[in-house]
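Visitor: Here it is, the structure in full.
The values are calculated or read from the model by the stated rules, or taken from the named source; none is laboratory data. Computed from a prediction, not measured in an experiment: that's the story for all the values here. Reconstructed Cβ throughout: ideal geometry from the backbone, glycine too, with neighbour counts over all protein chains shown.
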Ligand code: SF4
Ligand SMILES: [Zn+2]
Ligand SMILES: [Zn+2]
């Protein structure tokens, strides 16, 4: 019998290396690469190495092959001097408009099957998502979160809503939208068109509010009519007016009704619940953000930040596109409870083997698991 | 896209809009050198430019443009140059604001074709709508709209607009207002981009620049002193405790609620500060957003919207808003201020 060897965090580096070795220039899809700041973190040392730039794609690729980083980020901003250490000296020239959809910010039913929390005050722990400890009320909560297919489907539906808004309202076309898996629990939607690069932060704030339906004021959108109220712009309008009208049609069978304020409020709330998109606004507002490099590996999942077309998302192809490592069943041993559901797999407490890519995800993201190879 | 032939900007138009390329081209063909400005016939231009800079220093409205198109365009160009050499961001902004305001009033009065043409020169993509929608006859590119939005609330807020396929429907006045915002930035960028390293200034222009610089320095100093006075102990006497409290909160970088900002701005405007001075006061707050603050303060001063000038809240209102911090036995914070001043001047007479 062969000596049992164990996969460790540092040997995971070798796996990442085998991935980066086969990567080609065509897999690196960053426009104006030489104007971007890059940042890396590595398996064998802590911290983040920032303010790095590359003249061309080939040089970035060489670096990836040579160092097999744990995480790779690039700036959504374009700089005159991307490697300047001082942010003010970088010479900001503009930034892509980026939307981040992350199930961290969305309630899903599956969280009780895979997310864990531990109270730092009294050490109570449990499954699901809590804001404060149910035992002692402490708010210092440590979380370990996981992703499953249900999560991905929820995130995907948000992407569809966003895409519809970007097309119908913002007038962007599909080929201007670049969608990638974030590497863990969601998607990034990048817009690189020249018209958006120059948007200042106030302008981005306004677009965020639009996408999230924030600041909608019922009194501004309604006008008095025959003893009640009517939408200021009625059934044949567009934008949020059309969304609200659509919801009125769905709920009441009338697209341009006259209602009292209380009934309108219900329609507004219903429409916003259904149509507002759950984006993480911090990403969109930040014009100097670092974001994961498409087609790079996420160091806590071993999954690839793969680009997706809307079409591919509709077809529901997911795991096959983001999974890099093999499906081969391998032996594991556990030192505690595993999440019951991750990626496309249900895990029973008696499982003694798992597909390699699932086991690797569990190990990288800190589950109590040992992989014997 | 507006067709050039469709719009004929007359000579008088050019003097209203000296920033558009046609106007600037015209000046170039005159072939005037900086040294020519010191000669008699061009003195008027220098004087006008100096007037513009002084208006910015004092925070007052600009005079109407010269009827002589060449004089106006040259004065405009020279004003930008003077501001570049003085090199103070705040002063530049004050000029950009004053100039845009003057221009905004002209733009709102133009016919649709001219307006579209001028906005196009400011890189604001605007189209005449193929059909009028709910009284809106123009549409502005959505990204230009949000980049130039005067305030992110009420009817301006994007969620409340008729938005369709990348366009936001607007009426003529809204279009002119967006143009005003775009023009502010246009002017600031123009000044930013100017290169003056190789420019040789004749002595007379130099002494003008020095004069204006020190005028601005004095103005800035008095703004800062007024502010410092209101913040330091001396204000405890003349300013009512409620206002003094808001001021120290602003200074301490605390998050001051809208109602408190309103109370402070309306109070300072009532005791003789102008809009620019009040803005300088607010600018020491860490979350200061010049665009929003300006809009609010101008609104309170009655320069925007209804044109109504707002008086500060009565003590009664201050109390309900939770801004009252003492029981001064007056009905109005302003009453406290005037009474204190009267008392003080009587003391001095004695
Ligand atoms: S009584 Fe009036 S003046 Fe005095 S603190 Fe209250 S609000 Fe201000
Ligand atoms: Zn606890
Ligand atoms: Zn899930």
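Visitor: Would you mind finding the one in A:139, A:149 that is at pLDDT below 95, within 18 Å of residue A:101 (Cβ to Cβ) and more than 14 Å from every other protein chain (Cβ to nearest Cβ)? Quick ask: steps written out before the conclusion?
Guide: Numbers: A:139 fails: within 18 Å of residue A:101 (Cβ to Cβ).
Going through A:139, A:149 in turn, just one is at pLDDT below 95, within 18 Å of residue A:101 (Cβ to Cβ) and more than 14 Å from every other protein chain (Cβ to nearest Cβ): A:149.
Visitor: Moving to a separate point now. Quick check on this structure: which one of A:10, A:34, A:18, A:41 is free of Cβ contacts under 8 Å to residues at least 40 places away in the same chain and either in contact with a strand residue (DSSP E or B) (Cβ under 8 Å, 6 or more places away or on another chain) or surrounded by 11 or more Cβ atoms within 10 Å (Cβ to Cβ) (or both)?
Guide: Numbers: A:10 fails: either in contact with a strand residue (DSSP E or B) (Cβ under 8 Å, 6 or more places away or on another chain) or surrounded by 11 or more Cβ atoms within 10 Å (Cβ to Cβ) (or both); A:34 fails: free of Cβ contacts under 8 Å to residues at least 40 places away in the same chain; A:41 fails: free of Cβ contacts under 8 Å to residues at least 40 places away in the same chain.
Going through A:10, A:34, A:18, A:41 in turn, just one is free of Cβ contacts under 8 Å to residues at least 40 places away in the same chain and either in contact with a strand residue (DSSP E or B) (Cβ under 8 Å, 6 or more places away or on another chain) or surrounded by 11 or more Cβ atoms within 10 Å (Cβ to Cβ) (or both): A:18.
Visitor: Can you tell me which of A:204, A:243 is within 14 Å of chain B (Cβ to nearest Cβ), touching a strand residue (DSSP E or B) at 6+ places or on another chain (Cβ under 9 Å) and either free of Cβ contacts under 8 Å to residues at least 24 places away in the same chain or part of a helix (DSSP H, G or I) (or both)?
Guide: A:204
Visitor: For the range B:119-137, enumerate the residues that are in contact (Cβ under 8 Å) with a residue 60 or more places away in the chain, touching a helix residue (DSSP H, G or I) at 6+ places or on another chain (Cβ under 6 Å) and either in a loop (DSSP other than H, G, I, E, B) or over 20 Å from residue B:165 (Cβ atoms) (or both).
Guide: Once the filter is applied, which keeps residues that are in contact (Cβ under 8 Å) with a residue 60 or more places away in the chain, touching a helix residue (DSSP H, G or I) at 6+ places or on another chain (Cβ under 6 Å) and either in a loop (DSSP other than H, G, I, E, B) or over 20 Å from residue B:165 (Cβ atoms) (or both), the range B:119-137 yields only B:122.
Visitor: Can I ask one more? Name the single residue, out of those in the range A:246-263 being more than 33 Å from the chain's Cα centre (by Cα) and part of a helix (DSSP H, G or I), that is surrounded by the fewest Cβ atoms within 10 Å (Cβ to Cβ).
Guide: Kept after step one, since they are more than 33 Å from the chain's Cα centre (by Cα), are these residues of the range A:246-263: A:252-263.
Still in the running and part of a helix (DSSP H, G or I): A:252, A:261-263.
Numbers: A:252: 13, A:261: 12, A:262: 7, A:263: 16.
Result: A:262.
Visitor: Can you go through A:100, A:88 and tell me which one is away from ligand 1 (no atom under 16 Å from the Cβ), within 30 Å of residue A:194 (Cβ to Cβ) and in a helix (DSSP H, G or I)? Please lay out each step first, then the result.
Guide: Values: A:100 fails: in a helix (DSSP H, G or I).
Only one candidate passes the filter, namely A:88.
Visitor: Moving on. For the range A:304-320, check the following and say yes or no: at least one residue is buried (at least 16 other Cβ atoms within 10 Å of the Cβ), more than 14 Å from every other protein chain (Cβ to nearest Cβ), modelled with pLDDT of 95 or more and in a loop (DSSP other than H, G, I, E, B).
Guide: yes
Visitor: Can you tell me how many residues within the range A:112-168 are outside any loop (DSSP other than H, G, I, E, B) and either within 11 Å of ligand 3 (Cβ to nearest atom) or farther than 26 Å from residue A:300 by Cα (or both)?
Guide: Taking the range A:112-168 first, the residues outside any loop (DSSP other than H, G, I, E, B) are A:112-114, A:116-119, A:125-127, A:141-144, A:148-168.
Subset that is either within 11 Å of ligand 3 (Cβ to nearest atom) or farther than 26 Å from residue A:300 by Cα (or both): A:112-114, A:148-155, A:160-168.
Adding up the residues that qualify gives 20.
Visitor: Check B:145, B:169 and return the single one that is in a helix (DSSP H, G or I), facing chain A (nearest Cβ under 10 Å) and within 27 Å of residue A:244 (Cα to Cα). Let's see the steps before the verdict.
Guide: On the way: B:169 fails: in a helix (DSSP H, G or I).
One residue alone meets the criteria, B:145.
Visitor: I've got another one for you. Within the range A:171-185, work out how many residues are out of contact with any helix residue (DSSP H, G or I) (no Cβ under 6 Å at 6 or more places or on another chain) and at the interface with chain B (Cβ under 10 Å from one of its Cβ atoms).
Guide: 2
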